[in-house]
Each structure stands twice: as C-alpha cells, then as structure tokens.
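Just so it is clear, none of the values below were taken in a lab; they were calculated from the coordinates. All values derive from a computational prediction rather than experimental measurement. Here the Cβ positions follow ideal geometry from the backbone for every residue, glycine too, while neighbour counts run over all protein chains shown.
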Amino acid sequence: MRTKPIIWILITLCCSAALQAAEDSALRDDHPERYTVQPGDTLWDISDRFLTDPWLWPEIWYENPKIENPHLIYPGDVIKLTTVDGEPRLTTERGGGTVKLSPKVRTEKLDEAISTIPVSAIRPFLTGHRLVSAQAYEGAPYILAGSEKRVISSTGDPVYVRRLPASPAESWDVVRKGDALVDPETDEVLGFEATKVGTARLSKTGDPATMVITGVTREILRGDRLFQARESGLRSQFTPRAPEKPLQGQIMTVMDGVSQVGQFDVVAINVGTEDGASVGHVLGAFKRARVVEDDYSDNEGESVKLPPERAGEMIIFRTFEKMSFALVMEATRAITTDDFVKTP
C-alpha cells in the first residue's frame, strides 16, 4: 500500500534549445542519474541534488500548458535524469511505468505535499510573529487584568480586556512587542516584532470584555495586546527562483537574537515588495569587502579592496512593504547582520 503522496507534479514537454543551454550551466557535475524520494524531502533538497543552484530549476524544466493531468510522487518513487533526443528530461519510475515530470508545485495539505523548505523552521514566523507599527500596537486591545489579582495568566484563566471593536471576533492572538526593526541604511523604523505569546477566546462582550486563555507559549501579562487570530496560511509550496530584477539590501537582524547566522535561521532583511521582492525569491548573502595593506607592492602603503565573499543563500518566505523574512538555506561562511544580500 502506498503512503500519502508528497508532491503534485505536472507532465512536461521541453523547449530543446533553451533547455540544452540551461543544462550546460545548471546541472551539477556530480548529479545522480536516479534518486529515490524519501519522506521529509523538500523541493530544495531534490533540486540541489541535480542542479548547481537549486533555484534555477525552472530553467531546465518547462511546463506544457496543454497537459493538465497531475501525477504524484510518493516516497519510494525513483526520479531519473535522462536524455531524449538530446534534451534532458526528469522521469519517475512507479509501478506500471515511467512518467515525464515538471516540478510545478500545487498546494496541498502539509501532511500530503512535499514542501519547498522545512516547514518547522518558518512556522513561528507564519503563525506567530507579526510585524506591526507602533501606532497599531498601541491602539490594539489590551489585557487589563487577570483573575483574582494574578499577575500571570495561563491556559483556562479568564482575563479582562479593553478597547475591543464594536463587533469583536471570537478568536484572538495575544502578542507582546519586541525590538524595533530598523533599516540600517536609512535608520527608518520599519516596524516592531510582535511575538505571539498565547491565544484567547471571547467569552463575554463589554468594557471590559471577558476572554478565556486557550493556549500559551509563555506567560501572559497585563498590558499584552490582542490581535484578531489569523489563519495559519502556511505556504510552504512555492517556486524558488532568482528575482526578476536585481535586488540588494542588508540583513537587519536574526530573529532568534543571535549575532551569527547558520542554516535554517530566519533573518529580517530591508528588501520588501516595493523593491520587487516576492515569496520564493532566492538571494545570496555576501560578506563586506575587506581592505588589506599590500606589503609587497611597489607603491609603499598601498591598500587593496578585496571582492565580496559569498557566504550563503536564503529564500524569502514572507514579505512586507519595506522588509522581508528569509530562511537561510545554505551557509558556507558565518553570516552576520553586517552582511548584505543581493540577487545571486
């Protein structure tokens, strides 16, 4: 019996000239001829086995819009890279035969569809962390008091809330304001990180209204704000790709508070939708160029500026007007908040 499917794939026909050119530049020298799909694989993982740069997969796989029949890849299916009439094709071996593939992802339930990137790494930033303005935070409903003069509230406790709208929603997120996110290039405050500390359900309207705490991730305190609960909106299936136009910015902060960044850390960058950033865009991280003294030059005291060193790649998974959250997929050197990012 087959396990649950892990990715939707569409059949493809390829444009031979463009495909052959992409093959020469994109395929890894050590790419496998075949790969058996494993539970927990991601689109990035599989692409990285075949391509020098995983986000270049759209350049060697082309969708045939006339073919609509979807095919599923299951754990245990074998993906093969073959050449047909001089054109590279991906195929899968499954039970009764071979099917030509193009990895165009369709959104499915998380327990069925393979994700582009590890969902566990970005889940808190899709369901918990918010970016809010100081004005929005200060104007939000707030917890006035807990029950029985308690300073800290936990699951099941009632709390009393003020400043609810006239027709309040039933479900709410309890959040706490964190550090300001400041653009290092302009010193503009782009917003404040608001961290979800719990959830609450409206029990009785009024001023104050009564809510019941339905879940906590840390202690809930007087003064914590409430924002209407949002659907998880987990979008883990999207196309990793290079930006359509040059993008460049800087890492503002690492979201877990450390100074150096490693694989699967989340960073905030000062590149947003107004710059052309979109979910799925891949950016390279680069170290700042160093200046060194050339002790061997004929010109005494000459200084030389070294080229920037590439330190890794990251993929944007959530965008705002002037900033984005990105997940570091590869880190070949230690990445810091002083590093810049740009189109790879």
What is the magnitude of the charge dipole of region 191-344 about its Cα centre, with +1 placed on the Cβ of each Lys and Arg, -1 on the Cβ of each Asp and Glu, and no other charges, expressed in debye to the nearest 20?
1160
Please give the net charge around L221, taking every other residue with its beta carbon less than 13 angstrom from that of L221, where Lys and Arg add +1 and Asp and Glu add -1.
+3
Suppose the chain between D338 and E302 were pulled fully straight at 0.36 nm per residue; how much longer would it get relative to their current alpha carbon spacing?
10.4 nm
Place a point 7 Å from the Cα of R201 along the Cα-to-Cβ direction; which residues of region 139-166 have their backbone N under 14 Å from it?
155-159
Between G198 and residues 5 or more places away or on another chain, the pairs with built amide H atoms under 5 Å apart involve V174, T217
Past 22 Å, Cα to Cα, is the threshold; run K177/K204; K196/K287; K177/K322; K245/K305; K245/K342; K305/K342 against it and keep the listed order.
K177/K204; K196/K287; K245/K305
